Amino acid sequence: MINELQLITSMEKNDTFARKRYTELQKRYANEYVAIDNGRVIAHNKSMKALSDILSSKGVELTTVLVQFIPKRGVEILF
Amino acid sequence: MQLPLVLDKEKIRLTVVASVNFSGRVPIPVSFIVDTGSPSTFVDEFNSAKVRVFTKNLTFDHDSLMGGTKVAMYKAGEVVMKFKNEAGDLFEIKYNDMKVANTGWTRREAIYSSVSILGLDFFLKNKLSLHIDTVKDIAYIETDGSA
C-alpha cells in the first residue's frame with residue numbers, strides 16, 4: 001500500500017534541497033535541467049528530452065524525482 | 001484548518017507538495033508553485049507521465065502563454081489531491097478541473113520549465129483562502145475543513 005504521506009515528505013526533501021542549494025545549483029548547472037532524488041542531483045542535461053531519456057536508461061524510479069530548470073544567475077523565470 | 005506553504009525567499013515563490021491521484025492511478029507527489037496570477041491549475045506532463053497519464057490520450061482544452069511560450073493544456077478531469085495540514089496529517093481535496101500541461105520538448109528555443117501550478121481557480125472553486133505573512137515568514141492555505 002502506498003503511503004502518501006511518505007511520498008509527499010520525499011518530494012518535500014527534494015524541494016528543500018533545490019531551494020537551499022539554489023546558488024550552488026546555478027553555479028554548476030546554469031541553463032540545464034536537473035533531476036533531484038533523495039536530496040541529491042542524480043542527472044542533469046541541457047535538454048529536457050535527453051534528461052528524461054537518461055533517467056529511463058538508468059531505470060530510475062521516477063515517482064519522487066523532482067526535475068527543475070536552473071536558469072543562469074541574473075535570469076528569473078516568470079510563469 | 002491550515003495547509004502550510006513554503007515561502008521560498010531565494011526564488012521568491014510560494015510552493016507546496018501535494019499528492020495527486022488521477023482517476024484509476026496510484027498517487028504521485030507533485031511540487032506546485034502557488035500562482036494567483038494563473039487562471040488554471042495544472043500538472044506538468046513529466047509528472048503525470050509517471051503514472052502513464054499522457055496528453056496524447058487526453059482532450060485538448062486550451063492554450064496558455066507562459067513566459068512567451070505556448071503551452072497546450074489538456075483535461076485530466078477529477079483528481080484527488082492530498083495536502084499535509086499543520087498537524088502533519090493528510091487533508092483531501094477533490095478537484096474536477098485539473099489540467100495536464102504539454103511539455104513541447106521539441107520546440108526550438110522554447111524553455112520547458114517543468115512546472116506545475118496551483119492557480120487561482122483552485123482557490124475559487126474550493127473556497128480556500130491564502131495567507132502570507134512575510135514578517136513571521138509563514139504562508140498557508142486556509143480551509144474550513146469541508147473541501
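The values are calculated or read from the model by the stated rules, or taken from the named source; none is laboratory data. Remember, predicted model here, so these are calculated numbers, not experimental data. In this analysis, Cβ positions are derived from the backbone assuming ideal geometry, glycine residues included, and neighbour counts consider all displayed protein chains. Just the protein is used for accessible areas: all its heavy atoms, side chains included, with ligands, DNA and RNA removed. Shrake-Rupley method; radii C 1.70, N 1.55, O 1.52, S 1.80 Å.
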Check: Across the stretch B:1-35, what is the number of residues that are open to solvent by 10 Å² or more (accessible area, probe 1.4 Å), within 11 Å of chain A (Cβ to nearest Cβ) and either among the polar types (S, T, N, Q) or farther than 19 Å from B:A139 by Cβ (or both)?
Finding: 6
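Which one is nearest to B:N21 (Cα to Cα) among residues in the stretch A:1-34 that are of a type in the set (G, A, S) and buried (at least 17 other Cβ atoms within 10 Å of the Cβ)? Walk me through it before giving the result.
If we filter the stretch A:1-34 for residues that are of a type in the set (G, A, S), which is where we start, we get A:10, A:18, A:30.
Next, only the ones that are buried (at least 17 other Cβ atoms within 10 Å of the Cβ) stay: A:10, A:18.
Working: A:S10: 17, A:A18: 24 Å.
It comes out as A:S10.
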Check: If a residue has to be touching a residue at least 40 places away in the same chain (Cβ under 8 Å), part of a loop (DSSP other than H, G, I, E, B), of a type in the set (G, A, S) and over 22 Å from A:E76 (Cα atoms) to count, how many in the stretch B:1-51 make the cut?
Finding: 1
Note to self: Could you check the stretch A:62-74 and list, in sequence order, the residues that are facing chain B (nearest Cβ under 10 Å) and assigned to a loop (DSSP other than H, G, I, E, B)?
What the structure shows: A:L62, A:T63, A:T64, A:V65, A:P71
Check: A:R28: among the basic types (K, R), without any contact (Cβ under 8 Å) to a residue 24 or more places away in the chain, out of contact with any helix residue (DSSP H, G or I) (no Cβ under 8 Å at 6 or more places or on another chain) and over 26 Å from B:G37 (Cβ atoms), yes or no?
Finding: yes
Next item on the list: Hey, can you tell me all the residues within the stretch B:36-57 that are under 15 Å from the mean Cα position of the chain (by Cα), more than 9 Å from every other protein chain (Cβ to nearest Cβ) and open to solvent by less than 40 Å² (accessible area, probe 1.4 Å)?
Entry: B:S40, B:T41, B:F42, B:V43, B:E45, B:S48
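Provide a single number: the residues in the stretch B:58-84 that are among the β-branched types (V, I, T), within 24 Å of B:R25 (Cα to Cα) and surrounded by 13 or more Cβ atoms within 10 Å (Cβ to Cβ). Talk me through it step by step, then tell me what you get.
Restricting attention to the stretch B:58-84, the residues satisfying the condition of being among the β-branched types (V, I, T) are B:59, B:69, B:71, B:79-80.
Checking which are within 24 Å of B:R25 (Cα to Cα) leaves us with B:59, B:79-80.
If we keep only those that are surrounded by 13 or more Cβ atoms within 10 Å (Cβ to Cβ) too, we end up with B:79-80.
Going through the stretch B:58-84 one residue at a time, the tally reaches 2.
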